[in-house]
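Engineer: There's a structure below that I have some questions on.
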Amino acid sequence: MEEAGSGAVARTLRQQLIDATRRREIDVVLVWRLDRWGRSVADLVSTLRELTELGVGFVSLTEALDLITPTGRAVAGLPAVFSQFERKIPRVRGWAGLDHARRQGKRLARPPASVVKAGSARDLFRAGISKSEIARCLQIGRTSVRRILIGKNS
């Protein structure tokens, strides 16, 4: 079996593989990278523990990890910790960048609808269009239209 894709979706092929190991249809699970098997250390440890209890071997090619041997089982936790760390680095750096931008006073969100669409809303109102219709046309809330027309937030 081969499964590719994002970890954000249900991993049906992985679950089918685990079910097959429980039915004793598989002797060894072979993965390319350890982080492709488990999305967190807890998930990795629990599934590897279950595979060990079932007598199913586990081999990760990239990390040269072979849980069939006693030495491989002894060092199994280390790559899992580092894999999770590698996945979290970009998130931590992203938050640090956002925090830095905030400290410099930069606006990080898109401008409010009342700023972007104020001119269009006023033009439509002058043309006799109702506030509700303006809101529908410009895809903004009626409250935003009212604020634009009375001169707040524009």
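Engineer: Filter segment 9-43 down to residues that are farther than 26 Å from R87 by Cβ, assigned to a helix (DSSP H, G or I) and not charged (D, E, K, R), then give me how many there are.
Structural biologist: Matching residues across segment 9-43 total 1.
Engineer: Which ones in segment 44-60 are closer than 27 Å to E86 by Cα and free of Cβ contacts under 8 Å to residues at least 24 places away in the same chain? Walk me through how you get there before you give the answer.
Structural biologist: The initial filter retains those residues of segment 44-60 that are closer than 27 Å to E86 by Cα, namely 44-52, 57-60.
The answer is S46, R49, T52.
Engineer: Next question, about the same structure. If a residue has to be among the polar types (S, T, N, Q) and in contact with a Ser or Thr (Cβ under 7 Å, 6 or more places away or on another chain) to count, how many in segment 95-153 make the cut? First the steps, then the outcome.
Structural biologist: Initially, segment 95-153 is screened for residues among the polar types (S, T, N, Q), giving 104, 114, 120, 130, 132, 139, 143-144, 153.
Within this subset, residues satisfying the condition of being in contact with a Ser or Thr (Cβ under 7 Å, 6 or more places away or on another chain) are 114, 144, 153.
The qualifying residues number 3.
One line per residue, one yes/no per condition, for (1) more than 24 Å from the chain's Cα centre (by Cα); (2) modelled with pLDDT of 75 or more:
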position: V31; (1), (2): no, yes
position: D35; (1), (2): no, yes
position: V41; (1), (2): no, no
position: L44; (1), (2): no, yes
position: L48; (1), (2): no, yes
position: G55; (1), (2): yes, yes
position: D66; (1), (2): yes, yes
position: V75; (1), (2): yes, no
position: V81; (1), (2): no, no
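The values are calculated or read from the model by the stated rules, or taken from the named source; none is laboratory data. Please read these numbers as outputs of a predicted model, since none were measured by experiment. As a convention, Cβ positions derive from the backbone with ideal geometry for all residues, glycine included, and neighbour counts pool all protein chains shown.
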